[in-house]
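The values are calculated or read from the model by the stated rules, or taken from the named source; none is laboratory data. What you are looking at is a predicted structure, and each value in this text was computed from that prediction instead of being measured. Heads up, the Cβs are rebuilt from the backbone with ideal geometry, glycines too, and the neighbour counts pull from every protein chain shown. The protein model used for the area step is the full one, side chains on, heavy atoms only, and it has no ligands, DNA or RNA in it. Shrake-Rupley method; radii C 1.70, N 1.55, O 1.52, S 1.80 Å.
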Amino acid sequence: MSTVAHQVHDSFKSFIGSSIESIAADVSSFVNSSGVAPKSIGIVHVNSADQLLLSLGYRDDEPGYPVTLSAVTLGHIDTVHASGLDALDAVLGSAAGTIDGIICHELVVTNSGDFVAVFMAHKG
């Protein structure tokens, strides 16, 4: 098992697109062609362009490995109350149980108020 030091990174590559699926292909292509070791993702919805901006954090000083991005719709969850946070944790955990090799995740809220979990997983 690796140590936390293997997760530390300070290199980033950004991608923009209309959906996670369209960005996922670009991320996979970059990772495979560059031979980097992906460590994290960050996602934000750019309202003015109606696009998603994804930043990939990675290391290039260790062997690279392929990854996949998967978007799982979690539905509308009222997170204003603590019970809503518990519900979010439960559906997030349930969604994660369907994907092997998760490295990290990010949450996106759609214009309709639904939560979408984006998982980056080791593809191997």
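Computed with a 1.4 Å probe over protein heavy atoms only, the accessible surface of the chain comes to 56 Å² per residue. Extent along the principal axes, Cα only, for the chain: 43, 37, 23 Å, with the longest axis given first. In the chain, the portion of solvent-accessible area held by carbon and sulfur atoms comes to 54 percent [1.4 Å probe, whole percent, DNA, RNA and ligands not counted]. Computed with the Debye formula from one identical point scatterer per Cα of segment 39-106, without solvent, the log10 of I(q)/I(0) at q = 0.27 Å⁻¹ comes to -1.23. Between the helical axis of 82-96 and the longest alpha-carbon principal axis of the chain there is an angle of about 40 degrees. Return one number: the angle in degrees, 0 to 90 and rounded to the nearest 10, between the long axis of the Cα atoms of helix 20-34 and the longest principal axis of the Cα atoms of the chain. Approximately 20 degrees, to the nearest ten. Here the peptides 45-52, 110-117 are ranked by packing, the mean other Cβ count within 10 Å, and the order with the highest first is 110-117, 45-52.
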